[in-house]
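Read the structure below first, then the notes.
The values are calculated or read from the model by the stated rules, or taken from the named source; none is laboratory data. Quantities reported herein were computed from a predicted structural model and do not represent experimental measurements. All Cβ positions, glycine included, derive from the backbone under ideal geometry; neighbour counts span all protein chains shown. Keep in mind that these areas ignore ligands, DNA and RNA; they rest on the heavy atoms of the full protein, side chains included. Shrake-Rupley method; radii C 1.70, N 1.55, O 1.52, S 1.80 Å.
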Amino acid sequence: MKDNLLSFNFWAKIFLVGLVVHFFAQNFFTYSLGLDLGVFWLWKEFIILGFIGSLVYFVFKNNYLGKFVEDRMMFSLEVVFVSLVVVTFLINYFLIGTSIGEYVMAFRYDFLGFLIFFVVYRLCGFLNKEKLYPIILFYGLVVKVVLIFSLFWYFVILTVPGGLGLFGYDNNIFEGEVGQAPPAAYYTQYNQGLVRNQSLFERPISYGFFLVAFFPLFYVLYLRKKSFFKTWFWWIVYGLNIMSTFSRAAWGAWLIQLIILSLIDYRKNIKKFLKYILLPVVLFFGAIVYFAYDHVVDRQRSNTGHIQEVLIGWDMFTDKPIFGQGAGYVGPASHWGDGQEFNTENQFLQIMVEFGIVGFLPWFLIYMFFVLVGFYYFFKTKEKDRKNDKYLFVLLAFSVGILGLSVQGMVLHSFVDNMIVYPFMFLFALALFLYLKRSD
C-alpha cells in the first residue's frame, strides 16, 4: 500500500531526501532567483515538530505515558537528557544572562539530534514495525544516488566551475561565510591547489561528515560479505568520493571504520584482511599523500589554524570551567547571536566551552551511549546468532558511524550539521528500535 500524506513513512522520506538537497535548494532560491523565503527554510524543524505532535497525540490517546518507564534503558537516558536541557537553560538564563533566542539556537545545533532520536524511537512504538526497515533501505538508495551525483558534481567543478553560478554559487570567493553565496569550488590551499568536492553540502568537510556517518550502513547493506568482483564498482565510487573531499579527518575516520568493520568480518582470517583490505588501502592512501604532500599534509593555513583555535578554545573553557561561557558562545550558533563567531575546531571542546563541566558530562554520557550501544549488543550476542541478524548489523553500523564522526570531531565540529545529524539520529532510532523489538 502506498504511503499517504498522513503516513509516517511519507514524511520520513520527505525529511530524509529534503535534507540532502536542502543546502543546494536554499542557495538556488536565495542567490540565483533572489527569493527570500525566510522561515520556509525551517521546514525540517517543522517536520520534527510534527513528529513530536504525533507522539504526544498517540501517548495521550493510548494512555501510554506511564509505560515509558518500562523501557528502563531509554527512560534513564531520557531523564539525563531532560536534566541536561533544564539545568543548562536555568544556568544560562539566570546566571549567565543568555537570551532565550540564543539558547534555542544553541539547542538546535547541540541537542536537537538527541531529541530527534528520542522522539522517533518512542514514536516507532505506535507504528507498523514492518514498515520501518524499508525506510532504512530507502536511505541506502539515497546514498547511492548521492555518490553517483557527487562524482558528476566533482567533474563539473574540475572542468567548468563557473557553471555553478547558475545555481547561486560564487566563483570569486574561496571560503564560505554566513549570509553570502557559497564558493563554487574549494581548494586545498585556500585559493589555489587541488579542487575539493563539497557535492550538495555546505563544505567539503561537511560532505566528509556525510560519507563517514553513512559508510558503515552502506557497507552493511551493499558490501558486507560479498565478493569484491560483484561490489568493486561501489567500493571504487565510495573511495573516490572520500578522496575527492581532501578532508584528512574524513580519510582518517574512514580508514578506522574500514579496519573495525573488516576485523569484525575477517577476524578469523587475519591474513586475508591484511592482504586484501588493509594493505591495498594503506598503499592507496600512502600514494596520495606522497604525490600530493603539499595539498594533504603541508597545508599550513589549515594546520596552524586548527591548533590555534583549539588552544584558544581551551583557554575559554578553563576561564569558566564549571558553567561555561554560555550557550552559543562558540560553535555554529555563535555566528547567529552575540557569541564570539568562533569555532573551537573540536566538537567536544565546543560543548565544554558553552556549557562547562555541568553540561558536558551529561551530554557526553548520552553521546557515548550511541557510540557504544551497537558494539554492546554485537559482542553480547552469541556468534552463531549474529550471522542472520540484519537488525544487529544495522545497529552496529550506526555506532561505527558515530565513532567515525567522533574521530572527525577531534579536529572539527562533526555533530552539528543538520544535513548529517538529523537523518543520522532519525535512522539510528529506527535501527535500535527494530533490533530491540525484533522478536515482539
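Worth pointing out:
- Gap separating the Cα centres of the range 25-42 and the range 181-249, nearest whole Å: 26
- Stokes-Einstein, applied to the Kirkwood radius of the chain over Cα pairs at a viscosity of 1.567 mPa s and 4 °C, places its translational diffusion at 56 µm² s⁻¹.
- In the distance distribution for the range 59-165, Cα-Cα pairs more than 19 Å apart total 68 percent.
- Set against the 2.2 N^0.38 Å expectation for a compact globular protein, the range 1-113 has a Cα radius of gyration ratio of 1.37.
- Cα-centred dipole magnitude for the chain, charges only on beta-carbon of K, R (+1) and D, E (-1), debye, nearest 20: 2560
- Calculated mean residue ellipticity at 222 nm for the chain: -21000 deg cm²/dmol, from DSSP H runs with n ≥ 4 weighted as -39500 (n - 2.57), summed, divided by the residue count and rounded to 500.
- Shown in residue order for the range 166-171 are the 3J(HN,Hα) couplings computed by the Karplus curve 6.51 cos²θ - 1.76 cosθ + 1.60 at θ = phi - 60°: 5, 10, x, 8, 9, 8 Hz (x for Gly and Pro).
- Backbone HN-Hα couplings from phi across the range 353-370 [Karplus 6.51/-1.76/1.60, Hz, Gly and Pro as x]: 5, 5, 10, x, 4, 4, x, 5, 4, x, 4, 5, 4, 5, 4, 5, 4, 5
- Inter-site label distance for K437 and Q180 at 7 Å from Cα along Cβ, in nm: 4.9
- Charge dipole of the chain about the Cα centre (unit charges at C-beta), most positive-ward option of F424, A106, L127: L127
- Once the gyration tensor of the Cα atoms in the range 305-356 is diagonalised, the equivalent ellipsoid follows with semi-axes of 14, 14, 8 Å, ordered largest first.
- If you wrap the range 156-226 in the convex hull of its Cα atoms and look at it from every side, the mean projected area works out to 6.2 nm².
- Calculated on alpha-carbon atoms, Rg and Dmax of the range 321-440 in Å: 17.0, 56
- Take the range 1-79 with all the other protein chains still there, run a 1.4 Å probe, and you get 63 Å² of accessible area per residue.
- Residues whose placed amide H lies under 5 Å from that of Q189, excluding near-sequence neighbours: L194
- Over the range 139-264, the ratio between the Cα radius of gyration and 2.2 N^0.38 Å evaluates to 1.12.
- Placed amide H near D170: partners under 5 Å, 5+ positions off or other chain: A184
- Residues whose amide H lies under 5 Å from that of L412, counting only those 5 or more places away or on a different chain, are Q347; hydrogens are built 1.01 Å from N in the peptide plane.
- Near L274: Cβ cut-off under 15 Å, other residues only, Lys/Arg at +1 and Asp/Glu at -1. The net charge is +4.
- Loop-located trypsin sites (Lys or Arg not before Pro) in the range 190-242 (DSSP state other than H, G, I, E, B) with a sparse environment of at most 13 neighbouring Cβ atoms within 10 Å: K225, K226.
- For the range 222-285, the calculated P(r) over all alpha carbon pairs, in 5 Å bins from 0 to the bin holding the longest distance, is 3, 16, 26, 30, 18, 6, 1 percent.
- Karplus-derived 3J(HN,Hα), 6.51/-1.76/1.60, for each residue of the range 144-153, Hz, glycine and proline x: 4, 4, 4, 4, 5, 4, 5, 5, 4, 4
- Label positions at Q26 and K390, each projected 7 Å from the Cα along the C-beta direction, are separated by 3.5 nm.
- Positive contributions from Lys and Arg (+1) and negative ones from Asp and Glu (-1), summed over other residues with Cβ under 10 Å from the Cβ of G176, come out at -3.
- A full extension of the chain between Y64 and I100 corresponds to an added length of 9.8 nm, given 0.36 nm per residue minus the alpha carbon distance.
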